[in-house]
Amino acid sequence: MGKWPITDTPVKPQTTSSAPWRAATLVAWGVICLFFLVVEAGAAVRLKDLASVQGVRHNQLVGYGIVVGLDGTGDGRNATFTIDGLANALRNMGINIDPGDIQVRNVAGVIVTARLPPFARAGQNIDVTVSSVGDASSLQGGTLLLTPLRGLDNQVYAIAQGPVSIGGIEVEGPAARGRQRNHLTVARIPAGASVEREVPVSFEHKEEIIISLDSPDFTTAKRMTQAINGLLGQGAARALDGATVVVQVPENYRNNEIFLLAALEGLEIVPDQSARVVLDERTGTVVMGQNVQLREVAVAHGDLSLQVAPPPAPGQPILLPGEVPGALAGPPQRLVRLEPGVTLNEVVRALNSVGAAPRDLIAILQALKASGAFNAELEII
């Protein structure tokens with residue numbers, strides 16, 4: 001059985017990996033990227049990037065429309081809703097026609113969606129997305145007819161119309177075989193809708209303003225409250241819970257609440273976050289924060305071994321997990337040895353240095369979480 005050298009600086013991983021392992025690692029990590037997200041301690045963030053003001057929000061709009069002018073790529077006879085929609089559109093123009101007489105391939109039924117931003121005024125333009133709902137093969141070159149866009153209250157807030165754009169490029173020639181061109185049944189109309197109805201949002205004569213954190217956290221809410229009180233005076237703000245801070249409008253900001261909001265959103269706050277590890281098995285991506293630390297643990301995964309333990313006494317061999325002293329030597333093992341208290345970020349970097357593939361990392365991290373080696377939320381997406 002091979003002996004592992006003992007060193008006075010055991011925080012560096014000890015490995016038996018050779019040049020082929022390193023070459024394989026470079027190839028694997030060139031195909032599947034592993035990203036490390038380490039949030040620096042003490043990084044201040046503006047309040048406007050951490051929270052939003054209650055009442056300031058986007059509103060979703062939707063409508064059904066007809067795209068005309070297609071080059072034979074529209075809906076077929078089976079899409080009866082497209083034929084009925086075209087007949088209704090013609091009827092509104094004073095042309096009465098039997099839907100059974102319509103046999104065109106240059107028309108497609110679509111769903112039109114848009115987001116109405118806060119403080120949008122009548123006459124302003126917003127972008128819209130046009131998506132086919134029938135069996136049309138392409139919307140390229142089409143024009144959307146006048147389409148009302150409604151909110152959840154069934155009121156019309158915008159009117160959309162104009163030529164659609166699918167974007168991207170179309171690959172032609174021998175090289176086009178087996179290649180994705182672009183998504184032909186979804187299109188955009190930049191500034192294609194005109195706002196016709198406003199969503200009333202006003203801060204005038206308000207006695208208090210409610211701020212909602214994007215990521216609820218008691219520590220962040222406390223720090224935000226302290227920062228606001230430092231600007232406006234003690235007692236001006238209070239935290240209702242981990243996601244809500246209520247700000248009393250001072251007398252000198254009455255009827256001038258916009259200046260108050262401008263002053264508040266520029267406040268810099270150090271956010272806090274719980275320890276979390278996010279794994280994406282489809283892409284091999286690992287995302288983690290800096291607050292994830294490991295306790296003593298030993299993991300064996302194939303020919304890869306991880307030990308988080310104090311350094312052994314001088315003269316004692318370093319045993320792999322499950323290894324018995326005096327046993328016959330087996331296949332060469334890749335060993336990563338670190339001291340307790342090491343961060344998970346350092347563990348992943350050490351595993352990466354000995355040629356661990358993303359799938360190996362994900363399996364090891366899941367086993368570490370199941371064993372209780374680290375206290376952090378493990379999320380798999």
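No lab work stands behind these numbers, since they all come straight from the coordinates. Computed from a prediction, not measured in an experiment: that's the story for all the values here. Because the Cβ atoms are built from the backbone with ideal geometry, glycine has one as well, and the counts that use them run over all protein chains shown.
Brief remarks follow.
- Computing Rg and the Kirkwood Rh from the Cα coordinates of segment 227-279 gives a ratio, Rg/Rh, of 1.10.
- Residue-count net charge about Ile126 - beta-carbon cut-off 12 Å; Lys, Arg +1, Asp, Glu -1: +1
- For segment 59-195, dividing the convex hull volume of the Cα atoms by the residue count gives 123 Å³ per residue.
- Within the same chain, aspartates and glutamates fewer than 8 places from Lys206 are excluded, and of the rest, those with a Cα less than 18 Å from its Cα are Glu251, Glu257, Glu265.
- Once Rg and the Kirkwood radius are both taken over the C-alpha atoms of segment 193-271, their ratio Rg/Rh works out to 1.04.
- Computed log10 I(q)/I(0) for segment 72-149 at 0.13, 0.18, 0.26 Å⁻¹: -0.47, -0.79, -1.26, from the Debye equation with unit scatterers placed on every C-alpha and solvent omitted.
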